[in-house]
Amino acid sequence: MDHRTDREILETLDLHERQGLSAAQVGLRVGRSRSAVLGIVKRINDATDAVPDLCTRAENRNGGMPARWWEDRRSWA
């Protein structure tokens, strides 16, 4: 089985969902096939859709984090 790090998954989602690249374009950038990219996106979206978003603060909702938040370790404190 091929495992991806959290960072690779976040990068894939960022390129596809925030930057609007096609699955084929994302695949070329991250060294995966178009199908692998679509599989990652589907699994993550299915998992997040399965849990209701009960957050009342906008910054805590899905999509509330700043772009590429995982690159700034200072924001983790």
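Where a number appears in this text, it was derived from the coordinates with a stated rule and is not lab data. Here the structure is a predicted model, which means the values were calculated and not measured.
Summary table
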| read-out | value |
| --- | --- |
| Candidates Thr48, Thr12, Thr56, ranked by Gaussian network fluctuation over the chain, Cα under 10 Å, top entry | Thr56 |
| Mean Cα-pair separation over length for region 1-51, i.e. relative contact order, pairs under 8 Å, 6 or more apart, % | 27 |
| Span-rule helices in the chain, defined as complete DSSP H runs reaching 15 Å or more along the axis (Cα) with Kyte mean at least -1.0 | 34-49 |
| Matching label, P(r) over Cα pairs in 10 Å bins from 0, in percent computed from the structure shown, candidates [x] 16, 46, 32, 6; [y] 20, 54, 23, 3; [z] 13, 30, 29, 18, 9 | [x] |
| Long-range HN-HN contacts of Arg32 with modeled amide H, under 5 Å | none |
